[in-house]
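Structure record follows, encoded as structure tokens.
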Amino acid sequence: MTATYVLAAVLGLLYAFGTFLVLRRDLVRVVWGVTIMAQATNVYLVTMGGFDGSVPVFGGHGDHAAASVQDPLVQALVLTAIVIGFGTTAFALVLTYRVYEEHGTIDLQQLGERAPDAAATEEGGDA
Amino acid sequence: MAAPHHVVVAPLLAALATAIATLLLRPLPRAQRAVSLLGGVAYAAGVAFLYRAVVADPDGYLVYALSNWEAPFGIVAVADPLSAFMLVIAAVVGLAALVFSVGYLDPADQTLAYHPLFHLMLVGVTGAFLTGDLFNLFVWFEVMLMASYVLVVFYSGPEHTRAALHYAVLNLIGSAVMLLAVGGIYAVTGTLNMADITARLASGAADPVPVLGLSAVLFAVFALKAGIVPFQFWVPAAYRAAPAPVTAVLAGVVKKVGIYAIVRLYFTVFAAATLPVSLPFIEGESFLAFFGPVMFAMAVASIVFGGIAAVNQPDLDGLLAYSSVGQVGFIVLPLAVAATAPDGGELMILGIAAALVYSLNHGIAKGLLFLGSGAARRATGTTEFAGLGGLSERDPVFAGAFFLGALALIGIPPLSGFFGKYLVFDVGVRAGSTAVLAVALIGAIFTIAYFSRAWNRAFWGEPVAYERKPLLVGVVAALGISLLVLGVGFDPVFRAAEAAAEAAVNRSGYVDAVLEVEL
């Protein structure tokens with residue numbers, strides 16, 4: 001039961017930290033913030049499976065007690081989510097580098113000051 | 001278990017195979033483009049076959065259990081009239097945009113990644129329309145979004161990277177939130193299969209209170225994908241940055257995935273729960289009683305904000321982008337009325353049907369207009385109103401097609417847009433809601449205002465230098481004609497939308513088809 005409370009506190013801290021980083025001006029920190037939020041969600045998913053059961057394959061076989069089995073589905077979900085998160089994080093980091101190449105800065109304040117509508121007016125897209 | 005209906009995954013496989021083939025054919029650009037076009041045709045054919053199979057099926061439900069793992073343990077793909085209707089929108093707009101992009105983009109630009117990404121985006125859209133599993137829906141959203149991030153940043157100039165950054169970061173946060181809600185719903189209901197969630201909520205096996213909160217979180221994510229106010233801020237920059245054919249698909253199809261998810265999850269799945277809700281202005285026995293007023297407020301805000309902002313744009317792309325925000329409001333407005341109507345009643349079905357007809361019309365008309373904006377850029381070098389003028393004199397066919405698209409969004413008979421608007425007003429009248437009528441009227445006036453301005457500035461006045469682009473204009477004209485055909489032969493369209501709406505509220509049919517149990 002204590003594990004639940006500890007994890008609840010950890011999840012709260014992770015989301016708080018992720019939100020804090022997303023609100024930074026530095027673009028790399030924003031990407032970290034998004035990554036931390038995604039990881040916090042993964043931890044949350046694992047937590048949703050509960051902590052009462054034993055190892056799914058082992059429990060109930062041979063001489064082992066026929067204990068209730070841990071839900072394996074959440075772990076399958078988290079594996080999928082981790083793979084997706086890996087891809088999106090890689091893309092976000094490459095995009096950050098491209099933003100730096102194009103604008104010479106990764107400060108969001110300075111990026112915002114290059115008025116978006118004015119920039120769009122210069123050359124609406126592709127020429 | 002009945003024999004598996006392989007036709008359910010036909011469009012999915014067509015798009016996936018094309019994506020892989022175009023990736024392998026990069027050394028042969030001409031063959032790559034030909035295969036990509038063929039794949040687009042195969043996708044449309046797959047959708048047509050699936051649609052026919054769904055109509056021919058006595059129950060209207062085709063279930064495909066992946067690897068023959070039975071629901072609710074395996075993942076199922078479910079084709080019913082609702083998903084088939086949405087797939088038709090995707091096929092029409094997707095095929096038109098694909099043909100357009102072959103003539104629009106520089107051949108060297110197309111070689112590297114454009115065609116595989118375009119088809120992968122269609123894979124994601126198709127999967128989202130077909131899946132019967134909540135986590136699988138998240139995965140298809142990610143497939144669709146990953147492809148769209150790269151397509152938004154396609155030109156990777158300064159404004160494109162910035163727009164893609166906004167788009168990607170917002171959607172990454174949205175994805176984390178969606179996963180959170182999906183995990184929570186799994187923890188509460190003990191299942192991810194949508195039909196199983198429906199059955200468990202209906203029988204009271206799952207506690208509805210946490211599901212209401214989690215579904216509200218999920219709603220914010222779908223609203224972000226659909227670009228409904230207050231989650232619309234990524235729309236204009238992303239639509240300006242993406243190449244015109246991609247924007248046509250983003251506005252015409254990808255937005256509709258958010259709408260589809262709202263209809264499918266909130267009207268089919270979550271509405272099964274009975275839960276007395278009592279908050280200020282919100283009272284009722286189901287989740288929909290809670291979401292109805294929320295949708296109404298968001299629809300009103302979208303229509304008003306999108307309309308005001310669109311009137312004041314300096315360029316065609318910006319005008320169309322804000323117009324999409326407003327038009328999505330018109331799709332959500334009848335849904336809001338349907339949500340507060342008696343469950344499964346005539347008004348609820350009519351409201352959903354109105355939203356679907358409007359989605360179809362908006363998908364094709366807005367696709368047409370964004371492609372038209374791209375054609376104008378290729379022909380004159382700009383989409384700024386300052387640099388446009390006299391296009392109706394330079395190219396009457398193009399001007400006529402663009403005019404049809406604008407008239408369809410304004411809602412002039414005999415175009416399909418007239419029926420879309422008419423049904424929204426009809427829903428408002430039947431609900432006896434003057435507020436709905438007033439908002440729809442204000443939105444209609446804004447639509448007329450911004451399209452008159454676009455027409456005056458770009459198509460009348462002093463003619464500018466213009467280079468004819470027959471292929472691009474041909475695609476735009478073909479979409480214009482399809483709007484006319486849909487409007488003149490509207491009866492079958494309406495019956496299809498009505499069948500889709502009935503499928504959306506037919507919970508027992510859905511559960512019975514997927515789980516083979518009586519609800």
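Below is a table of values for the structure above.
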| read-out | value |
| --- | --- |
| Tally, over the range B:383-402, of residues that are crowded, with 20+ Cβ neighbours inside 10 Å and of a type outside the set (G, A, S) | 7 |
| Residue match in the range B:173-185 (condition: more than 19 Å from B:L320 (Cβ to Cβ), touching a residue at least 60 places away in the same chain (Cβ under 8 Å) and surrounded by fewer than 24 Cβ atoms within 10 Å (Cβ to Cβ)) | no |
| Filter result (over 18 Å from B:L180 (Cα atoms) and part of a helix (DSSP H, G or I)) within the range B:129-142 | B:F129, B:L130 |
| Enumeration of residues in the range B:64-108 that are touching a Pro at 6+ places or on another chain (Cβ under 8 Å) and either among the acidic types (D, E) or open to solvent by less than 20 Å² (accessible area, probe 1.4 Å) (or both) | B:A65, B:L87, B:A91, B:A97, B:L98, B:F100, B:S101, B:Y104, B:L105 |
| Leading residue by the ranking (farthest from B:L117 (Cα to Cα)) among those in the range B:147-156 that are open to solvent by 10 Å² or more (accessible area, probe 1.4 Å) and without any contact (Cβ under 8 Å) to a residue 40 or more places away in the chain | B:S156 |
| Some residue of the range B:314-336 being closer than 29 Å to B:H160 by Cβ and not in a helix (DSSP H, G or I) | yes |
| Of residues in the range B:287-343 being among the acidic types (D, E) and open to solvent by less than 40 Å² (accessible area, probe 1.4 Å), the one nearest to B:W455 (Cα to Cα) | B:D315 |
| Residue match in the range B:380-387 (condition: among the charged types (D, E, K, R), at pLDDT below 90, outside any helix (DSSP H, G or I) and in contact with a Gly (Cβ under 8 Å, 6 or more places away or on another chain)) | no |
| In the range A:95-105, the residues that are at the interface with chain B (Cβ under 10 Å from one of its Cβ atoms) and surrounded by 12 or more Cβ atoms within 10 Å (Cβ to Cβ) | A:L95, A:T96, A:Y97, A:R98, A:V99, A:Y100, A:E102, A:H103 |
| Positions within the range A:46-81 being polar (S, T, N, Q), modelled with pLDDT of 75 or more and not in a helix (DSSP H, G or I), in sequence order | A:Q70 |
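The values are calculated or read from the model by the stated rules, or taken from the named source; none is laboratory data. Only a predicted model underlies this, so the values are computations on that prediction, with no experimental measurement involved. Cβ coordinates were reconstructed from backbone atoms using ideal geometry, including for glycine residues, and neighbour counts include every protein chain displayed. Keep in mind that these areas ignore ligands, DNA and RNA; they rest on the heavy atoms of the full protein, side chains included. Shrake-Rupley method; radii C 1.70, N 1.55, O 1.52, S 1.80 Å.
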